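Peer 1: Here it is: the structure, laid out below.
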Amino acid sequence: MRARLVILFSIVVVTLVFLHVRHMNGPGYFPWEWRRLHPLPSFALIAAAMLPFCAGQLVYARSPRRVWRSLAAVAASTCVLQVVCAGLNNPPFDVHRISDVVESPSATGYYTIAADLFAGSHARPLREWLPAYATLMPSFPSHGQTKPPGPVLYYYAFINLFGSNSTAALAGGALVGVLAAAGVVCTFLLLEVLLENSAAAFHGASFFALCPGLLLFFPEFDQIYPIFTAAMLAWWSLAMKRRSILYAVAFGVALSAAIFWSYSLLLLGIFLAAYTIVGLTVDRATGPGWVLTCAAVAVLVVFAVYGTVWLAFGFDAVGTFRAAVANQARLLPPLHRPYPQTIFWDLFDFALGTGWVSALLVGFWLHRSARRAGRDRLIALLALGQIASVAIVGLLQTETARVWIFMMPLAMIPIGLELQEWTARSRFAVYACLALVVAAIHQNMIFLGT
């Protein structure tokens, strides 16, 4: 019955998208632009790119012990799907659409900034511009004004290797796609650590592999942030469960790396705090003294990492953070995000980024688990609470189908728990519906302009 509801729901959603019904593309104050692509190439190539995914599901259904082989096939499908969707953005198919997006100042601007610092009007050695990064940020295009230097340094490395040309842009963009697919594997690992349930982890990761936000924003760095999410949350969880300083150190390293790429990842502190409280009050697997020790170790690691970077390159991490916050405060008001309307529309856009089917599956899980008390249910509710809290407080009111990708692995917790209860045939129907939604959104909405 539930599989039939998913199929019916997906047909309705796809129909509304193809009819360009108002608000299916977002709120009036920030809609995704409508378009119409020929459906045949998109459906055909997306179906072909789904073949590794289908093979992975069949392998897992026959032998769950071959989970890594299955995951490899699922992640490979994610890679191919990204390239297919990017190449078809402006028919005929052309992989150079990837480099077009990377080189576009309006899409992200990171490559543009890196090229300018390498050989443009602001060209100077790394040891000169990295210390001055905070003062340079207001002059950067697009997202560069509110981000730490990780994304710029990423493309700076490729330009240093290949020169300031489309080859560097294409190579850098391609690696983003590979890292985004690696996020599928990392999501599996995160769910396995949190739930200690390989089946739910595999099904959650499989759903994540087909989410429109993960596939259609390629090549954007938001796609790789689930790697940081998985690393931070998994290592903190392991530090609590296994009482190991090494995992606390690993958490500190992951946190240091995360905030070198995006300050948005700091919002995961909501889940980390709630998860820690659960560990203290419900699981009783650890005590306040150990939590404080792990937190102190992590903070010391962050200070050690950024202290080393400051000594080696003169990078001012605190000044850069302050500049990013100031720039964000200056840029946000003209975007006209009317709170509290943003609460609903941020969640709606997040649902769009996860294919809308996700909302139905979460609803099924909430109904199924209503009478089931247990640790899995509590962790899933914490995950949903993380997402809801960001929306309610209005902490990140912008393009949530893209910007909230780092929280998508958390949404996969209740989805994975729900799908593990379904038959293999019913799960396959869910994945087919999600692929159909991806194709419909791809053909009818523009996410990346050049």
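The values are calculated or read from the model by the stated rules, or taken from the named source; none is laboratory data. Computed from a predicted model, the values in this text were never measured in an experiment. Because the Cβ atoms are built from the backbone with ideal geometry, glycine has one as well, and the counts that use them run over all protein chains shown.
Peer 1: Would segment 409-429 turn up any residue that is among the polar types (S, T, N, Q) and within 16 Å of S10 (Cβ to Cβ)? Break it down stepwise before answering.
Peer 2: Going through segment 409-429, the residues among the polar types (S, T, N, Q) turn out to be 420, 423, 426.
Remaining after also requiring within 16 Å of S10 (Cβ to Cβ): 426.
Checked segment 409-429: at least one residue is among the polar types (S, T, N, Q) and within 16 Å of S10 (Cβ to Cβ).
Peer 1: Further, regarding this structure: Among the numbered criteria (1) at pLDDT 90 or above; (2) of a type in the set (A, V, I, L, M, F, W, C); (3) crowded, with 19+ Cβ neighbours inside 10 Å; (4) in contact with a helix residue (DSSP H, G or I) (Cβ under 6 Å, 6 or more places away or on another chain), which single criterion is violated by V83?
Peer 2: The single condition V83 does not satisfy is (4).
Peer 1: Would you please name the residue that is surrounded by the most Cβ atoms within 10 Å (Cβ to Cβ), looking only at residues in segment 133-158 that are outside any helix (DSSP H, G or I) and in contact with a Phe, Trp or Tyr (Cβ under 7 Å, 6 or more places away or on another chain)?
Peer 2: Taking segment 133-158 first, the residues outside any helix (DSSP H, G or I) are 140-141, 147-149.
Cutting the leftovers down to in contact with a Phe, Trp or Tyr (Cβ under 7 Å, 6 or more places away or on another chain) gives us 148-149.
On the way: P148: 22, P149: 27.
So, considering only residues that are outside any helix (DSSP H, G or I) and in contact with a Phe, Trp or Tyr (Cβ under 7 Å, 6 or more places away or on another chain), the one surrounded by the most Cβ atoms within 10 Å (Cβ to Cβ) is P149.
Peer 1: Can you tell me which residue among L37, L51, L8 is aliphatic (A, V, I, L, M) and either within 25 Å of E399 (Cβ to Cβ) or in contact with a strand residue (DSSP E or B) (Cβ under 8 Å, 6 or more places away or on another chain) (or both)? Steps first, please.
Peer 2: Values: L51 fails: either within 25 Å of E399 (Cβ to Cβ) or in contact with a strand residue (DSSP E or B) (Cβ under 8 Å, 6 or more places away or on another chain) (or both); L8 fails: either within 25 Å of E399 (Cβ to Cβ) or in contact with a strand residue (DSSP E or B) (Cβ under 8 Å, 6 or more places away or on another chain) (or both).
Residue meeting the stated conditions: L37.
Peer 1: Here is a follow-up. In segment 234-256, which residues are under 29 Å from A134 (Cα atoms) and either of a type outside the set (G, A, S) or touching a residue at least 60 places away in the same chain (Cβ under 8 Å) (or both)? Working first, answer last.
Peer 2: Let us first name the residues in segment 234-256 that are under 29 Å from A134 (Cα atoms), namely 249-256.
Selection gives V249, F251, V253, L255.
Peer 1: Additional query: Search segment 237-273 for residues being of a type in the set (F, W, Y) and crowded, with 18+ Cβ neighbours inside 10 Å, and hand back the single one that is farthest from A182 (Cα to Cα).
Peer 2: Only one residue tops the list, namely F271.
Peer 1: Got at least one residue in segment 397-415 being small (G, A, S), closer than 19 Å to G26 by Cβ and modelled with pLDDT under 95? Show your work before the answer.
Peer 2: Applying the first criterion (small (G, A, S)) to segment 397-415 yields 401, 411.
Still in the list and also closer than 19 Å to G26 by Cβ: 401, 411.
With the extra rule that they be modelled with pLDDT under 95, the set shrinks to 401.
Yes - at least one qualifying residue is present in segment 397-415.
Peer 1: Looking at (1) of a type in the set (S, T, Y); (2) modelled with pLDDT of 95 or more; (3) in contact with a Lys or Arg (Cβ under 8 Å, 6 or more places away or on another chain), which is the one condition that is false for Y306?
Peer 2: With (1) of a type in the set (S, T, Y); (2) modelled with pLDDT of 95 or more; (3) in contact with a Lys or Arg (Cβ under 8 Å, 6 or more places away or on another chain) applied to Y306, the lone miss is (3).
Peer 1: Grab the helices (runs of 4 or more DSSP H) fully contained in segment 348-424, keeping just those with 1 or more residues being in contact with a His (Cβ under 7 Å, 6 or more places away or on another chain). Let's see the steps before the verdict.
Peer 2: Details: elements: 357-369, 375-393, 400-403, 408-419.
Qualifying helices (runs of 4 or more DSSP H): 408-419.
Peer 1: Tell me the helices (runs of 4 or more DSSP H) entirely within segment 25-132 that contain at least 2 residues that are more than 17 Å from L170 (Cβ to Cβ) and without any contact (Cβ under 8 Å) to a residue 24 or more places away in the chain. Before the answer, list the steps.
Peer 2: Details: elements: 39-49, 51-62, 67-87, 97-103, 110-119, 126-129.
Where helices (runs of 4 or more DSSP H) fall fully within segment 25-132 and carry at least 2 residues being more than 17 Å from L170 (Cβ to Cβ) and without any contact (Cβ under 8 Å) to a residue 24 or more places away in the chain, they are 39-49, 51-62, 67-87, 126-129.
Peer 1: With (1) modelled with pLDDT of 95 or more; (2) touching a His at 6+ places or on another chain (Cβ under 7 Å) as the list, and F9 as the residue in question, which single condition is left unmet?
Peer 2: (2)
Peer 1: Let me ask you something else. Just need a number here: residues in segment 391-403 that are buried (at least 22 other Cβ atoms within 10 Å of the Cβ) and without any contact (Cβ under 8 Å) to a residue 60 or more places away in the chain.
Peer 2: Summing the residues that are buried (at least 22 other Cβ atoms within 10 Å of the Cβ) and without any contact (Cβ under 8 Å) to a residue 60 or more places away in the chain in segment 391-403 gives 2.
Peer 1: Now a separate question. Being at pLDDT 95 or above and over 17 Å from the mean Cα position of the chain (by Cα) narrows it down to one of V278, V299, so name that one. Reasoning before the result, please.
Peer 2: Values: V278 fails: at pLDDT 95 or above.
Answer to the check: V299.
Peer 1: While we're on this one: Determine which single condition A234 fails, assuming it passes every other condition in (1) within 25 Å of L280 (Cβ to Cβ); (2) crowded, with 24+ Cβ neighbours inside 10 Å.
Peer 2: Result: A234 fails condition (2) only.
Peer 1: Please work out which residue is farthest from the chain's Cα centre (by Cα), limiting yourself to segment 181-203 and to residues that are more than 24 Å from Y247 (Cα to Cα) and among the small types (G, A, S). So that I can check it myself, show each step before the final result.
Peer 2: Let us first name the residues in segment 181-203 that are more than 24 Å from Y247 (Cα to Cα), namely 181, 199, 203.
Those left that are additionally among the small types (G, A, S): 181, 199.
Values: A181: 11, A199: 22 Å.
Checked segment 181-203; the qualifying residue farthest from the chain's Cα centre (by Cα) is A199.
Peer 1: Residue check, G28 against (1) more than 28 Å from K147 (Cα to Cα); (2) surrounded by fewer than 13 Cβ atoms within 10 Å (Cβ to Cβ), all met but one. Which one?
Peer 2: With (1) more than 28 Å from K147 (Cα to Cα); (2) surrounded by fewer than 13 Cβ atoms within 10 Å (Cβ to Cβ) applied to G28, the lone miss is (1).
Peer 1: Only one of F218, F162 is aromatic (F, W, Y), surrounded by fewer than 21 Cβ atoms within 10 Å (Cβ to Cβ) and at pLDDT below 95; which?
Peer 2: On the way: F218 fails: surrounded by fewer than 21 Cβ atoms within 10 Å (Cβ to Cβ).
None of the others qualify; the one that does is F162.
Peer 1: A further question follows. Scan (1) more than 16 Å from L194 (Cβ to Cβ); (2) β-branched (V, I, T); (3) surrounded by fewer than 18 Cβ atoms within 10 Å (Cβ to Cβ) for the single condition I224 breaks and write down its number.
Peer 2: Every condition holds for I224 apart from (3).
Peer 1: Evaluate the following for G355: is it small (G, A, S) and either surrounded by fewer than 18 Cβ atoms within 10 Å (Cβ to Cβ) or in contact with a Ser or Thr (Cβ under 8 Å, 6 or more places away or on another chain) (or both)? Write out each step before concluding.
Peer 2: On the way: small (G, A, S): yes; either surrounded by fewer than 18 Cβ atoms within 10 Å (Cβ to Cβ) or in contact with a Ser or Thr (Cβ under 8 Å, 6 or more places away or on another chain) (or both): no.
When the stated conditions are applied, G355 does not pass them.
Peer 1: So which residues in segment 177-210 are buried (at least 24 other Cβ atoms within 10 Å of the Cβ), closer than 19 Å to V101 by Cβ and touching a Phe, Trp or Tyr at 6+ places or on another chain (Cβ under 7 Å), if there are any at all?
Peer 2: A180, the sole residue that qualifies.
Conditions (1) within 30 Å of T135 (Cα to Cα); (2) surrounded by 19 or more Cβ atoms within 10 Å (Cβ to Cβ); (3) of a type outside the set (G, A, S), marked per residue:
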{"site": "W310", "(1), (2), (3)": "yes, no, yes"}
{"site": "L331", "(1), (2), (3)": "yes, no, yes"}
{"site": "I343", "(1), (2), (3)": "no, no, yes"}
{"site": "R372", "(1), (2), (3)": "no, no, yes"}
{"site": "L378", "(1), (2), (3)": "no, no, yes"}
{"site": "G385", "(1), (2), (3)": "no, no, no"}
{"site": "S389", "(1), (2), (3)": "no, no, no"}
